[in-house]
Amino acid sequence: MKKRALSILIVLSFVLVPFIAVHAAPTVKIGFTYIMSGPFSAYGQFAKQGAKLAIEEVNASGGINGQKIEGFFEDSTGKADVALRAIRKLVYQNKVDMLIGLDSSGVAKTVVPSIEKMQIPMIITHAATPDVTGSVCNKYTFRISLNLAQNVRAATLLAKETGAKKWTTVGPDYAFGHQSWEYFEKYLKDLNPATTFLPKDQVAFPPFKTTDFSAYITKVMSSKPDGVFVSLWGGNLIDFVRQASTMGFFNGDFEVLFSLGAATEVLTALDDKMPEGLWVGTRYWFLANDSAMNKSFVGNYHKKYGVYPSYNAHGAYGAVYAYKAAAEKAKSTEKMAIVKALEGLKMEIPTGMIEFRKGDHQAVTDAHWGKTAASADYPHRILKPIKIFKGQDITPPVSETGCSIVSGK
Amino acid sequence: MEILLLNILNGLSWGMLLFLIAIGLTTVFGVMGVLNFAHGSLFMLGAYLCMQAMQYFDSFWFGLLVGPLCAVVIGVLVEKYLLKKVYNRDVSYQLLLTFAVLLILDDGVRMIWGSGYHIVEPPAILGGIISVAGQDYPVYRFFLIVIGPIIGGLLWSFFHFTKWGKIIRAASFDDIMAEGVGINVPLIYTAVFALGTWLAALGGALSAPQQSLIPSMGEKIIIESFIVVVVGGMGSFPGAFVGALVLGLLESFGTVFAGRMQMAIPYILLAAILLIRPNGLFRKGV
Amino acid sequence: MMNIQKSHSLSGPVLLTILLFIAPLVMPTYWVILLSEILIMGLMAVSFNLLLGYTGLLSFGQGAFFGIGAYSAALMLQAGHENLFLILLAGMLVPLLAALVVGFFSVRLDEIFFAMITLGFGMLFFSIAHSWIDVTGGSDGLPVFALPGLNLFGVVQLTFYAPISMYYLIFVTVLICVCLLRMIVHSPFGLILKAMRENKQRVSYAGGNVRVLRIAAFAISGAFTGLAGVLFCLFNNMATPEFMHWSFSAKPVIMSVIGGTGVFLGPLFGAGVFFILEQIIIQFTENWMFFLGIVLVPIVLFFPEGVFGTLRNKFYKVAGRGLQPPSARGKRQKNEKGTV
């Protein structure tokens, strides 16, 4: 009995294997690493939705060089060692051709050296630390999203316009918050040498786990500034805005700039509790651009998921198309060919035209800022008016980034 | 001067919230000898259930009443079917079991309500601001400052002046003797865990108008309430009160004087107290 | 009887060593990487269990020593030191010193108080790593670009860039450490530790200095944990403050309890079970935390001596010789309680 079953199995496999081999056309494999679990899993969920939409669209219109895309998603949990394990799984187990992802700046910074060792191209879509296209950059790592330096540069252009002279900050007490403030001081000082900044011990850096911001709000308000630059994000930002508005923070005594205030997950959660008329920035704003591509992206995304795309959804979506463009330019999906094709690649993504700079692999991309405004057509605050800062005006020159990529081979 | 006053108020309102969560933890430890890692998750559950009940009844007060009670049901199930089995086991097993409960509750809530942020509005009567020494201050924070001692006081009187309270205290001193004089100790344990759950969930519901709701919100608060309990003395009510006040005020004033080391404040407090008084502020030496 | 026990307890480890030596030659690369991580965390768990299982001290701050080891390696590599032995040695000595200081203050406490004070000290180190940007890189941590090489007798130059060569570096280091730890556990010193776990008054009456002995155990555990941290730094090319966070310190606790604190290799086994469980669950669902919790519950409830320990006890019972498995841990008394 056993023998018979075995022989049937063998025969079957002989019949089936060639059949499968013929019909399973080779695919292009893309590995995605995002935060899928824990406190910040909302970011991973958005990114996954954006990536899936892009993969569906590309596959429906014939794939990349005739090959379909297959997406693999792994959970980084926002921790560097777990993220690296996830990336290694994608590279060694799933044998992906391309990596896309990374939310946390700290994770990106510590994982990047390993990307170089695995010799696989990667497009970062969210992590904003200038260092991954700066001091720790390498020839395999690209970034499609707006980085910290670009966004802060845009903020300082805006800050100069407001005319406020004395600035302070509220930012999360980790590298992102501190770097944001450093860049803000540096750029604004360049633009207007007359500006003053409160010393380190008078600005507010609440630890990341803070839920009660009242002490910091008190501290900032009592220092009587003309302008406050806020780099809090996510849950911190939501808590801060609600507590600050009851304490009279937004009564107009000073200018307030939120570098990540226009993130859709924040606006959705706050709804009408977000005060109107505040300057907020983001890495992508779904209404900033009237291009056909953006309209189709926002339309399809909303139809499929019932919400408007966040910047993280946009980053993942755009990165898939960037890979497609590179593969078509190189007429290959071979890893080194992709790296070469991505260098200097100019293309359109929903947010506008971008260019992956040869020198540091950072995408030169526009920054969007706007004033919060109520709208009957949307479930949350929108931006009105919108200010668009052109990529070339806000991207620091390669010489300033500290990046030196040994290109070529 | 205003800064001093405002920081005292900030410290008090944060401290009183910590106090509510810590008394639940300390009661459960005092009676059952279990350090409940999932206490923060019950806190989180309270906030979510309050939000849900609030949407259902369209009233914050109903949410505050119903939400924590629903959490109690889950707490009782956890005690009856899981915790009961590890009372006599080493503390590391208890920690691991309650950690497993934490994982299940946190991820379960995420599966039900999603990973996005939610907010809860305070009721209109507590939504405004009042002026304190020329500074605007939210009414809801005064409410928190007042409600903490009220609930703490009620519980303290319950334990000291009612028959049931005395029975529970008896069981906490010596469960074998209590069993001997005819007290149903397992029932007492279940009741005490239900009480602890209710306190955690009430803390969550009360903090809901104050902070955004995410499934991991309990993980932030659990370590600080551990610290309050240890600093005050495990199982001690007045200890939890003083510990919460001290920690709340230190963290509030830390924003002014501690600079970059403010995140270390709770741990410095913890280590310092344990070195000076190994059993915490309010507990007799063993 | 003693002989039977010996043969039982040695054949297993020898077989395991041979398996671990051969396995990577036939395994897919990703599994080699996973096995490397299991060995590193296993070393951390086994050295942690020197405290929990043998001395009866539940440390919740082991992550600090793991992190200090990782940072010393990262900083040395950054400064251009590429001597592997020097890095391993420094990665043991610096955590040893830190553990001596922490141990000096902590060991007079017991049970949950010991857990809390070690948690406090661990988080202090975390705060320092998080805030001392100039040295530790702050919250981002330190990326590592170059790995040390190993020059064998001036003839062969070994590098560890390929996953499999990294595996053998980890394998050999962990093997040596585990053998050393086993020698310590079976030495007179190890026996006194166990005696202290059971009754520290008696050890004290018999002339043992409980405090010094405990500090020594804590420092040894810290040093080996630090070495695991060095390996983790080389393996992942990074050192980050996360390694020092209490949630990282909880890992060896979980692994030891899963594997069994009463058996020397139990924690290593627990590390393997934990990683493989996690990998399997992640395959099926994004809600892996939920299902990990669901799986942990029966492990705690039905394996009172840990998975490895309980199965082992069952085996001895079935063998029917009434043998007590070596170093099995007795049921402990209920925790001390407070008053309301």
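Take every DSSP beta bridge whose two residues both sit in chain A; close to 35 percent of them are antiparallel. Less than 5 angstrom separates the built amide H of A:Ile349 from those of A:Ile354, all sequence-distant by 5 or more or on a different chain. Considering only A:Gly44, A:Tyr92, A:Ile120, and ranking their Cα positions along the charge dipole of the stretch A:20-160 that arises from unit charges at the beta-carbon of Lys, Arg, Asp and Glu, the one farthest toward the positive end is A:Ile120.
Here the Karplus relation 6.51 cos²θ - 1.76 cosθ + 1.60, evaluated at θ = phi - 60°, turns the backbone of the stretch A:179-191 into coupling constants of 5, 4, 5, 4, 5, 4, 4, 5, 5, 6, 4, 4, 6 Hz, with x for every Gly and Pro.
Comparing A:Ala149, A:Ala373, A:Ala215 in a Gaussian network model of chain A where C-alpha atoms under 10 Å apart are linked, the largest mean-square fluctuation is found at A:Ala215. Just to confirm a number: summing +1 for Lys and Arg and -1 for Asp and Glu over residues other than B:Val101 whose beta-carbon lies under 12 angstrom from that of B:Val101, what do you get? With Lys, Arg at +1 and Asp, Glu at -1, the neighbours total -3.
Residues whose amide H comes within less than 5 Å of that of A:Phe197, counting only those at least five positions distant or on another chain, are A:Trp167 (H built at 1.01 Å from N in the peptide plane).
Towards the positive end of the charge dipole of chain A, with charges on Cβ (+1 Lys, Arg; -1 Asp, Glu), say which of A:Leu345, A:Tyr378, A:Ile30 has the farthest Cα. The residue sitting farthest along the positive end of the dipole is A:Ile30.
Note on the stretch A:226-345: dipole from Cβ charges, positive end direction compared against A:Val230, A:Met247, A:Ala269; the farthest Cα belongs to A:Ala269. Helix A:148-162 against the longest principal axis of chain A: what's the angle in degrees, Cα atoms only, rounded to the nearest 10? Approximately 30 degrees, to the nearest 10.
Separation of the stretch C:205-251 and the stretch C:282-313 by C-alpha centroid, Å? Comparing the Cα centres of the stretch C:205-251 and the stretch C:282-313, I get a distance of 25 Å. What is chain C's relative contact order, in percent, from Cα pairs under 8 angstrom and six or more apart in sequence? Contact order relative to length: 29 percent.
Taking the Cβ of A:Glu74 as the center, what net charge do the other residues with Cβ under 11 Å away carry, scoring Lys and Arg +1 and Asp and Glu -1?
Net of charged neighbours comes to +2.
Comparing A:Arg85, A:Arg153, A:Arg283 in a Gaussian network model of chain A (Cα springs below 10 Å), the most mobile by mean-square fluctuation is A:Arg85. Sequentially through the stretch B:56-69, phi angles give Karplus couplings (6.51, -1.76, 1.60; θ = phi - 60°) of 6, 8, 6, 8, 4, 5, 5, x, 5, 7, 7, x, x, 5 Hz, Gly and Pro residues having no value and appearing as x.
Charged side chains reduced to their Cβ positions (Lys and Arg at +1, Asp and Glu at -1) give the stretch C:2-319 a dipole of some 1220 debye around its Cα centre. Compute the acute angle (0 to 90°) between the alpha-carbon long axis of helix A:2-23 and the principal axis of greatest extent of the alpha-carbon atoms of chain A; round to the nearest 10°. So the helix axis and the longest Cα principal axis differ by about 60 degrees. Taking Cα centre as origin and charging only the Cβ of basic (Lys, Arg, +1) and acidic (Asp, Glu, -1) residues, the dipole magnitude of the stretch B:2-216 rounds to 420 debye.
Averaging the Cα positions of each part gives two centres, and for the stretch C:21-96 and the stretch B:222-247 these lie 35 Å apart. Neighbour counts of other Cβ atoms within 10 Å put B:Glu179, A:Glu185 in the fewest-to-most order B:Glu179, A:Glu185.
In order along the stretch B:114-127, phi translates into HN-Hα couplings of x, 8, x, 8, 10, 10, 10, 8, x, x, 3, 5, 9, x Hz, rounded to whole numbers, per the Karplus curve 6.51 cos²θ - 1.76 cosθ + 1.60 with θ = phi - 60° and x for Gly and Pro. Distances between placed amide hydrogens fall under 5 Å for B:Val132 paired with B:Tyr137, all partners being 5 or more residues away or on another chain.
Residues C:Arg312, A:Arg381, C:Arg182, C:Arg197, ranked from the fewest to the most other C-beta atoms within 10 Å, line up as C:Arg182, C:Arg197, C:Arg312, A:Arg381. Given the C-alpha centroids of the stretch A:34-58 and the stretch B:39-95, what is the distance between them in whole angstrom? The stretch A:34-58 and the stretch B:39-95 have Cα centres spaced 31 Å from each other. Taking a ≥ b ≥ c as the square roots of the eigenvalues of the Cα gyration tensor, an a/c ratio of 1.5 or more together with a/b no larger than b/c marks the protein assembly as shown as oblate. Expressed as an acute angle from 0 to 90° and rounded to the nearest 10, what is the orientation of the C-alpha long axis of helix A:234-246 relative to the principal long axis of chain A? The angle comes out near 20 degrees.
Largest mean-square fluctuation among A:Gln202, A:Gln179, A:Gln49, in a Gaussian network model of chain A whose springs join Cα atoms under 10 Å apart, belongs to A:Gln202.
Helical content alone sets the calculated 222 nm signal of the protein assembly as shown at -20000 deg cm²/dmol, taking -39,500 (n - 2.57) per DSSP H segment of four or more residues and averaging over every residue. For A:Glu355, C:Glu242, A:Glu334, B:Glu224, the sequence from fewest to most other C-beta atoms within 10 Å is A:Glu334, A:Glu355, B:Glu224, C:Glu242. If you take the square roots of the eigenvalues of the alpha-carbon gyration tensor of the stretch B:127-267 and sort them as a ≥ b ≥ c, do you get rounded (a/c under 1.5), prolate (a/b over b/c) or oblate? Judged from the Cα gyration tensor, the stretch B:127-267 comes out prolate (a/c at least 1.5, a/b above b/c).
Roughly how many debye, to the nearest 20, is the charge dipole of the stretch A:258-409 about its Cα centre, given +1 on each Lys and Arg Cβ, -1 on each Asp and Glu Cβ, and no other charges? List each step's numbers first, then the result.
Working: 19 positive and 15 negative charges, 85 e Å.
It works out to roughly 400 debye.
Only the coordinates and a few stated rules stand behind these numbers; no lab work does. What you see is a predicted model, and the numbers here were worked out from it, not measured in a lab. All Cβ positions, glycine included, derive from the backbone under ideal geometry; neighbour counts span all protein chains shown.
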